[in-house]
Amino acid sequence: MREVYLGWHELAMEALRQEVANPREYKDVDRIVVLGMGGSGIAGDLVALTGLETGSAFVTVVKDFYVPKPVVNDRTLVLAISYSGNTRETLLSLELCSKRTSKIVAVSSGGLLEEYAMKRGIPFVKVRRGLAPRTALPALYAAAMKGLLTVGVSMCESSTLERWFDVLKEVRKAEFDAASLASFLRRARMPLIVASARYAVLATRIKNELNENAKMPAKVEIAPELFHNDIVGWERKLYSDRAIVVESDIPYEVEYLKLYTEILTDVGFEVEMLRLIGDGVVPRVLYGSLVAGLASVKVAEIAGIDPLATKSIAAYKSFINNMEGEIRRTLGLSD
Ligand code: PA5
């Protein structure tokens, strides 16, 4: 897995260069909805962050079997992302959305999503096969952005994405930062990940990487919302562990994160700041994700566990597959 993380720059560039199958232009798009779960859902969160940062779009990310009616109409562009192409939540919500809009883009490494896109002539971007979905994050994000550009939805130029991806070349620094983070986290029981709202995607990504690679529970707290609830939960000092605070690049956020660091320290937490590099929030989140990926693999190695295996996810997927009935028929694909 480590090698895949270290190759993220090439992975992203490869996806950006990928030809889009069934290209076409969509006119009159007034909103974007992304469908995706887990590692693929985080790629959707990055697309949403890009829309906010470039001021070009407000993107809603749906992580469910069901998409509420007001969320999608005939001017909505729906972007379905599933690394395997076989995730039920994504496929079923896509099928539902396809009854409300014809503006669809799909991203996967294959699976039913690819079949569905090819059968219906949906613009489709294929990413490299054979990876753990979470390690494919930059490929899924780059492919999603490429798909959006191809259908005429431009949140930023390709050259901007290429510039952002440059941060993923900083592998030596990332390995160094990851080693320090892993040694901080190795004895944690349920670490706390704290970030300001603009970095919420990264906090969730760090949690997910610790969950899936290091098999470690983790809790996310987002400021300033945490000052209205989570903070009170520490008043009785019933639990303390290790906390990672994601560095911000905005002065007032730096100040309130400092205040919270002091509060957590007083509760008994050991706190370490995750420092980020990159010119802008998206590259900084990409860099932080790289460090988190490498660190979580290192924690797994130290604990003697396999970072790749996620047997609980597999058990859930087989449970849901038995419950939901034959998906191929629901999607209108032949057996
Ligand atoms: O990282 C993982 O392995 C998971 O979180 C998957 O991304 C999640 O189960 C969804 O699967 P997929 O990404 O194939 O749609």
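Can Ala117 be described as within 13 Å of the ligand (Cβ to nearest atom), touching a residue at least 12 places away in the same chain (Cβ under 8 Å) and of a type in the set (A, V, I, L, M)?
Working: within 13 Å of the ligand (Cβ to nearest atom): no; touching a residue at least 12 places away in the same chain (Cβ under 8 Å): yes; of a type in the set (A, V, I, L, M): yes.
So Ala117 does not fit the description; no.
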Quick check on Arg134: is it touching an Asp or Glu at 6+ places or on another chain (Cβ under 8 Å), within 16 Å of the ligand (Cβ to nearest atom) and either among the β-branched types (Val, Ile, Thr) or not in a helix (DSSP H, G or I) (or both)? no
Test set (1) free of Cβ contacts under 8 Å to residues at least 24 places away in the same chain; (2) buried (at least 21 other Cβ atoms within 10 Å of the Cβ) - Val105 fails condition number: (1)
Restricting attention to the stretch 262-283, which residues are buried (at least 18 other Cβ atoms within 10 Å of the Cβ) and among the polar types (S, T, N, Q)? none
What's the number of the condition Gly38 fails, among (1) open to solvent by 20 Å² or more (accessible area, probe 1.4 Å); (2) touching a strand residue (DSSP E or B) at 6+ places or on another chain (Cβ under 7 Å); (3) within 13 Å of the ligand (Cβ to nearest atom)? (2)
Which one of these is of a type in the set (A, V, I, L, M, F, W, C), out of contact with any Ser or Thr (no Cβ under 6 Å at 6 or more places or on another chain), part of a helix (DSSP H, G or I) and open to solvent by 10 Å² or more (accessible area, probe 1.4 Å): Leu286, Leu294? Leu294
Please tell me if Glu221 is open to solvent by less than 50 Å² (accessible area, probe 1.4 Å), among the acidic types (Asp, Glu) and either part of a loop (DSSP other than H, G, I, E, B) or touching a residue at least 12 places away in the same chain (Cβ under 8 Å) (or both). yes
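Of everything in the stretch 235-256, what is closer than 14 Å to Pro191 by Cβ and surrounded by 15 or more Cβ atoms within 10 Å (Cβ to Cβ)? Give them in sequence order. Full working, then the answer.
Taking the stretch 235-256 as the starting set, the residues that turn out to be closer than 14 Å to Pro191 by Cβ are 239-246.
Correct list: Ser240, Asp241, Arg242, Ala243, Ile244, Val245, Val246.
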Here the residues within the stretch 110-130 that are open to solvent by 30 Å² or more (accessible area, probe 1.4 Å) and not in a helix (DSSP H, G or I) are Lys126, Arg128, Arg129, Gly130
Enumeration of residues in the stretch 150-206 that are part of a helix (DSSP H, G or I), open to solvent by 50 Å² or more (accessible area, probe 1.4 Å) and closer than 17 Å to Val220 by Cα: Ala197, Arg198
Looking only at residues in the stretch 297-333 that are closer than 22 Å to Ser40 by Cα and not in a helix (DSSP H, G or I), which one is nearest to the ligand (Cβ to nearest atom)? Thr310
Qualifying residues in the stretch 50-82 (those that are open to solvent by less than 10 Å² (accessible area, probe 1.4 Å) and under 12 Å from the mean Cα position of the chain (by Cα)) - the one nearest to the ligand (Cβ to nearest atom): Ser82
Taking interchain pairs and intrachain pairs at least six residues apart, which have beta carbon atoms under 7 angstrom, with the first residue in the stretch 268-285 and free of Cβ contacts under 8 Å to residues at least 40 places away in the same chain and the second of a type in the set (A, V, I, L, M, F, W, C)? Val271/Ala243; Val271/Val245; Val271/Leu264; Met273/Val245
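The values are calculated or read from the model by the stated rules, or taken from the named source; none is laboratory data. Since we're looking at a predicted model, the values are computed, not measured. Neighbour counts run over all protein chains shown; Cβ positions are idealised from the backbone, glycine included. When the accessible area is computed, the model is the full protein with side chains, heavy atoms only, and any ligands, DNA or RNA have been set aside. Shrake-Rupley method; radii C 1.70, N 1.55, O 1.52, S 1.80 Å.
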